[in-house]
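What follows is one structure encoded as structure tokens, with my remarks underneath.
The values are calculated or read from the model by the stated rules, or taken from the named source; none is laboratory data. The structure presented is a predicted model; accordingly, all values stated were derived computationally and were not measured. Cβ sites come from the backbone with ideal geometry, for glycine too, and all protein chains shown count toward neighbours. Just so you know, the surface numbers come from the protein's heavy atoms only, side chains and all, with ligands and any DNA or RNA stripped out. Shrake-Rupley method; radii C 1.70, N 1.55, O 1.52, S 1.80 Å.
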2 protein chains.
Amino acid sequence: MKLLTRNTDYAVRALSYIAMEKGKTVTAAELSEELKISWSFLRKILQILSREGLVFSIKGKGGGFKLAQPADRIFLLDLINIFQGLVRLNTCITNNKACPNIRICILKKKIDIIEDSIISELHPITLKTLLNEQNDVIQNELLNMQTR
Amino acid sequence: MKLLTRNTDYAVRALSYIAMEKGKTVTAAELSEELKISWSFLRKILQILSREGLVFSIKGKGGGFKLAQPADRIFLLDLINIFQGLVRLNTCITNNKACPNIRICILKKKIDIIEDSIISELHPITLKTLLNEQNDVIQNELLNMQTR
DNA sequence: ATTAATGATACTATAATAGTATCATACTAA
DNA sequence: TTAGTATGATACTATTATAGTATCATTAAT
Ligand code: FES
Ligand code: FES
């Protein structure tokens with residue numbers, strides 16, 4: 001049971017990298033090189049991100065990818081939805097039609113609660129969140145070195 | 001992304017049924033019949049439950065299964081662990097060795113928090129919980145009918 | 001002995017994830 | 001206008017996880 005599959009994970013890495021390049025276009029080759037991710041696989045991911053409107057793509061020489069939206073509008077949940085579908089923990093087998101066991105339904109209700117809590121924890125996470133917290137970590141590192 | 005796979009789900013159903021029969025042995029055939037679950041598949045599940053010490057099995061004519069532990073000692077989390085492995089949302093790709101992207105690690109920390117919250121929500125759920133809440137639901141139904 | 005039950009184990013099927021390859025298209029620059 | 005470099009669309013393959021089946025051995029009751 002994974003929360004993120006590999007393509008979502010790679011998408012986050014790629015988008016983070018692109019975001020760092022503030023407007024400069026980044027090619028799939030560069031990303032693949034820097035992030036050590038298979039070029040073909042990454043290309044597929046980027047094509048999806050482009051189709052879904054998260055990045056803007058430029059073809060041909062000098063082309064590549066840019067963020068199509070500001071980092072605080074790129075939500076982790078959107079990436080999850082794109083690459084993994086909706087967060088639905090509860091695959092009801094009988095779809096409420098003649099559930100053979102009311103106890104199971106009670107359990108499913110509990111699972112729905114868990115699902116809601118996952119979603120509300122994921123909801124506020126954007127690309128910007130991740131980039132900012134990184135800066136915080138680095139700031140702290142520097143501070144520690146100074147006071148030592 | 002499912003929280004419970006089919007075998008865990010079936011295990012819950014089977015254990016619930018067995019629990020209702022207060023000490024009487026229940027055969028795989030009866031369970032399969034009543035719960036509308038494939039006999040072969042259910043048998044495999046029961047064999048695992050038996051091997052793991054959750055049910056006590058009696059071979060031969062008149063045999064079958066009984067709970068090997070009181071219902072309040074059969075934890076949903078144990079079933080999940082048995083049939084699906086540990087609840088680990090966070091499959092780190094590089095295992096903290098030269099993580100190529102500190103932002104990802106920040107994300108992973110958030111995922112760990114989510115994982116903890118799932119576990120703490122699952123932790124108190126036992127077979128007894130499910131059986132009791134079922135009774136509560138039925139009690140309420142009866143009450144509603146009376147006051148109507 | 002026969003029948004009815006589970007134990008152990010190996011096998012098959014399906015679906016989800018992960019990854020690769022190919023050709024078409026667009027843009028740039030010489 | 002052509003060579004080179006980039007993405008777009010799409011189809012294909014590989015691997016893993018889940019789901020499900022089948023077979024034979026063993027045990028117990030009658
Ligand atoms: S209706 Fe789906 S489990 Fe009860
Ligand atoms: S160490 Fe695993 S993602 Fe950073």
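Things to note:
- Overall, the range A:6-147 carries a charge dipole of about 700 debye about its Cα centre when +1 sits on the Cβ of Lys and Arg and -1 on the Cβ of Asp and Glu, all other atoms neutral.
- For the protein assembly as shown, the 222 nm mean residue ellipticity estimated from helices alone, with every DSSP H stretch of n ≥ 4 adding -39500 (n - 2.57) and the total spread over all residues, rounds to -19000 deg cm²/dmol.
- Taking the charge dipole of the range A:6-147 about its Cα centre, with +1 at Lys and Arg Cβ atoms and -1 at Asp and Glu Cβ atoms, the residue from A:105, A:10, A:38 reaching farthest to the positive side is A:105.
- By accessible area, using a 1.4 Å probe on protein heavy atoms only, the range B:6-147 has 52% of its surface on carbon and sulfur.
- Dipole-positive endmost among A:83, B:126, A:60 within the protein assembly as shown (Cβ charges, Cα centre): A:60
- Candidates A:76, A:89, A:130: whichever shows maximal mean-square fluctuation once chain A is modelled as a Gaussian network with Cα springs under 10 Å: A:89
- Geometric descriptor of chain B, per residue, is 164 Å³ (volume of the convex hull of the Cα atoms).
- Using Cβ point charges alone (K and R +1, D and E -1), the dipole size of the protein assembly as shown about the Cα centre works out to roughly 880 debye.
- Association of chains B and A removes close to 4200 square angstrom of accessible area from solvent, both sides included, for a probe radius of 1.4 Å.
- Neighbour-limited loop hits for trypsin sites (Lys or Arg not before Pro), the range A:31-95 (at most 16 other Cβ within 10 Å; DSSP other than H, G, I, E, B): A:36, A:59, A:61, A:88
- Closest-to-axis residue of chain B (Cβ criterion, axis taking B to A), whole Å: B:117, 3
- Projecting the Cα positions of B:74, B:145, B:20 onto the charge dipole of chain B (unit charges on Cβ atoms of Lys, Arg, Asp and Glu, taken about the Cα centre) puts B:74 furthest along the positive direction.
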